[in-house]
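Okay, structure first, notes after.
The values are calculated or read from the model by the stated rules, or taken from the named source; none is laboratory data. If you're wondering where the values come from, they're calculated on a predicted model, not measured in any experiment. Neighbour counts run over all protein chains shown; Cβ positions are idealised from the backbone, glycine included. Accessible surface areas use protein heavy atoms only, side chains included; no ligands, DNA or RNA. Shrake-Rupley method; radii C 1.70, N 1.55, O 1.52, S 1.80 Å.
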Amino acid sequence: MPLTDSIGATSVSATPSGLPTADDVVAHTLLNCLLREMPGTEHQTAVTDGHLLLRLPRRGVLLRVALRRTSLLGAHRFTGPVREQRDGDWTEIDWRRLAAYTQDELTSRTGVRNEEFPDQIASSHQAVTAALGVRAARPKPRAGVPDGLATYLASEQSLLFGHRFHPTPKARSGDTASWLSYAPETGASFPLRHLAVREHLIAQETAERGSADVLDRLRSDVPAGYRLLPAHPWQYEMLSGHPGLREAVERGDILELPLAGKRFAATASVRTLYDGDTFLKFSLNVRITNCLRKNASYELSGAVAMTRLLEPVLNAMATRFPGSAVLREPAYRSLLLPGPDGAPDRALLEGFGVIVREGLAARLLPGTTPLLAAAVADEYPTGPGHISRLLEGAGPGAALDWWSAYLKLLVPPVLAAYFDHGLVLEPHLQNVLVCVDVEGMPAQVLFRDLEGTKLVPEHHADALAGLPAAVAGPMTYDAERGWDRVVYCLLVNHVAEMLAAVADLHPQTERALWAEVRATLQAYADRYGCPPRLAALLAGVPLPAKANLLTRWERKADREAGYVRLPSPLAENVLSETVHDHDTWSNAR
């Protein structure tokens with residue numbers, strides 16, 4: 001029988017108070033990816049009788065899973081095990097069989113084989129299992145409105161399950177013991193390894209004088225003629241046997257200092273650490289999801305160059321949109337040891353590269369508590385900053401007020417950055433902090449991680465021409481690719497997922513929530529102009545969604561990822577079915 005999508009906002013059951021098993025998490029994540037990138041694009045899905053049906057046409061398998069809630073974007077909420085149809089009955093299958101079916105379907109569809117795929121899914125399952133085990137032993141988050149640095153760090157460290165539209169969101173290389181020692185999910189904090197390096201062997205760039213002084217202040221016992229180079233302890237374990245490093249230590253060009261100094265906490269990205277004052281983004285020769293997480297030489301220079309180039313733009317935007325700010329990355333430092341050929345040893349230069357990022361105090365509005373957006377929008381209440389805690393006891397009208405306030409902070413600066421400044425921000429959930437006031441209402445958003453921030457070349461031709469080509473090239477997207485990236489990160493990755501979390505609390509409001517998104521976009525267009533790309537967005541053209549499954553399958557770099565197109569919930573014919581408007585819900589508080 002042909003299957004077709006049936007999109008609705010039906011509530012099947014409320015969000016469960018408990019957390020799912022690792023088995024269900026992995027299976028549901030695979031289903032999310034399949035639904036978005038494969039059968040969903042080939043009309044091989046249907047929603048019926050409280051279940052999603054999904055056919056893998058090349059494998060000849062029909063799957064079924066129960067629904068907690070359907071979604072206008074097709075990003076449904078699942079519950080319980082996956083089943084396949086066998087001889088007219090529905091038989092439960094585990095995540096391993098689903099992974100095998102996915103592997104077969106992808107091989108047949110793409111003509112590409114990927115024998116490492118099952119192991120990566122198994123690695124992700126192992127990491128989720130370990131995180132759930134550690135969580136069971138950690139103190140439960142307290143109820144009420146969050147406050148303070150501890151709550152912020154708890155939000156960074158609450159992502160047990162990762163990106164729900166990535167097939168292997170928690171996959172990582174390296175041994176389990178090391179992972180548990182340094183993973184944010186375990187609440188890890190630890191002192192850094194400190195090296196004293198002769199000054200002429202230090203590589204460093206700064207956006208302005210004194211930008212790297214924060215590194216020197218980490219300890220006061222560095223001998224004269226040396227500079228301090230901090231290292232992530234896990235990275236140091238992996239690089240400590242490098243012959244060039246060992247020889248430099250034996251010569252006395254590098255001194256391995258005893259452990260001392262402040263403890264740094266792992267944030268959601270794993271390799272970016274925070275001590276309450278400064279973020280340090282380290283290289284980490286560990287493959288997490290798609291990528292080896294090291295700072296390439298062009299990324300080290302690019303962070304500082306981007307900070308320098310964007311300072312006037314970011315200052316102007318902060319004045320124009322006082323509820324938003326971007327954390328700068330004004331310095332990097334690394335190790336400049338010659339290799340066997342006399343050129344700088346790239347493995348050491350990139351492996352020990354550390355980027356300085358501003359701490360929260362530099363941009364945070366007084367009286368607000370920052371929370372990682374991904375933690376606020378998590379499908380399950382895994383941390384103290386989750387939306388269910390911010391809106392605990394709130395009715396649908398109050399939830400819509402919260403949503404409206406949030407959109408007004410988040411959306412306009414991202415659009416202005418692109419249309420007015422040729423700046424492609426990357427506001428996905430892990431790159432944005434939601435800063436809430438004492439009532440839990442959004443008061444500010446902070447954008448971070450300049451690695452994903454790009455420039456549209458025609459807006460910045462002169463500035464880019466003044467940079468080495470190896471640095472300037474990776475700092476750019478052409479206008480079309482930049483727009484896809486903006487729309488994907490802003491609307492599909494971020495807004496849609498935050499909206500889903502709010503809709504989990506009040507399922508009947510989903511259309512009204514999307515109507516508020518459209519109203520926010522329209523208000524921007526009315527005030528600042530409506531370029532053709534924004535007009536198309538308002539007209540309901542399909543939305544670009546990053547094809548994480550196909551990218552991982554074909555082993556492409558993230559920069560080479562393609563997009564699939566999703567039917568837009570912003571289309572007027574969809575939103576015209578809204579029964580209640582914002583005022584009606586406001587009266588229902």
### Query
Roughly speaking, to the nearest percent, how much of the chain's 1.4 Å accessible area is carbon and sulfur?
51
### Query
Given H placed 1.01 Å from N in the peptide plane, which residues other than close sequence neighbours of Phe78 have an amide H under 5 Å from its amide H?
Arg68
### Task
Determine, for the chain, the count of lysine pairs separated by eight or more sequence positions (or lying on different chains) whose alpha-carbon distance falls under 18 Å.
8
### Task
Please give the helix 117-137 orientation as an angle from the longest Cα principal axis of the chain, in degrees from 0 to 90, rounded to the nearest 10.
90
### Query
Against the longest alpha carbon principal axis of the chain, how many degrees, from 0 to 90 and to the nearest 10, is the axis of helix 95-110 turned?
90
### 222 nm mean residue ellipticity, helices alone, for the chain (DSSP H n ≥ 4; -39,500 (n - 2.57); rounded to 500)
-11000 deg cm²/dmol
### Query
Here are some values of P(r) over Cα pairs in 10 Å bins from 0, in percent: (1) 3, 14, 19, 20, 18, 13, 7, 3, 2, 0; (2) 3, 15, 24, 24, 19, 10, 3, 1, 0, 0; (3) 3, 17, 27, 27, 17, 7, 2, 0. Which one was computed from this structure?
(3)
### Task
Report, to the nearest 10°, how far helix 496-505 tilts away from the longest principal axis of the Cα atoms in the chain, using its own Cα long axis and a range of 0 to 90°.
60
### Task
Mind checking which of Trp90, Ala443, Asn295 is farthest towards the positive end of the chain's charge dipole, using Cβ charges of +1 (Lys, Arg) and -1 (Asp, Glu) about the Cα centre?
Trp90
### Query
What is the chain's relative contact order, in percent, from Cα pairs under 8 angstrom and six or more apart in sequence?
14
### Query
Averaged per residue, what accessible surface does the chain expose to a 1.4 Å probe, in Å²?
38
### Query
Residue by residue through the stretch 388-397, which ³J(HN,Hα) values in whole Hz follow from phi under the Karplus form 6.51 cos²θ - 1.76 cosθ + 1.60 (θ = phi - 60°), with glycine and proline marked x?
5, 8, 5, 10, 4, x, 7, x, x, x
### Message
Let me spell out the model: positive unit charges on the Cβ of Lys and Arg, negative unit charges on the Cβ of Asp and Glu, origin at the Cα centre of the chain. What dipole size does that give, in debye rounded to 20?
### Response
460
### Message
Just to confirm my numbers, what's the Cα centroid distance between the stretch 399-440 and the stretch 55-94 in Å?
### Response
34
### Query
Rounded to the nearest 20 Debye, what is the dipole magnitude of the stretch 361-431 about its Cα centre when Lys and Arg each give +1 and Asp and Glu each give -1 at the C-beta?
180
### Dipole of the chain, positive direction: furthest Cα of Ala196, Pro243, Pro322, with charges on the beta-carbon
Pro243
### Charged-residue dipole, Cβ positions (Lys, Arg, Asp, Glu), the stretch 203-262 about Cα centre, Debye nearest 20
140
### Message
Using only alpha-carbon positions, what ratio does the radius of gyration of the stretch 461-576 give when scaled by 2.2 N^0.38 Å?
### Response
1.27
### Task
Give the long-range amide H neighbours of Ile202: residues separated by 5 or more places, or on another chain, with amide H under 5 Å away, using H modelled in the peptide plane at 1.01 Å from N.
Leu336
### Query
Can you list residues whose amide H is under 5 Å from Ile93's amide H, if they're 5+ apart or on another chain and H is modeled 1.01 Å from N?
Val82, Arg83, Glu84
#### Entry: Karplus 3J(HN,Hα) series, Hz, for the stretch 182-190 with 6.51 cos²θ - 1.76 cosθ + 1.60 (x for Gly, Pro)
10, 7, x, 4, 8, x, 5, 9, 6
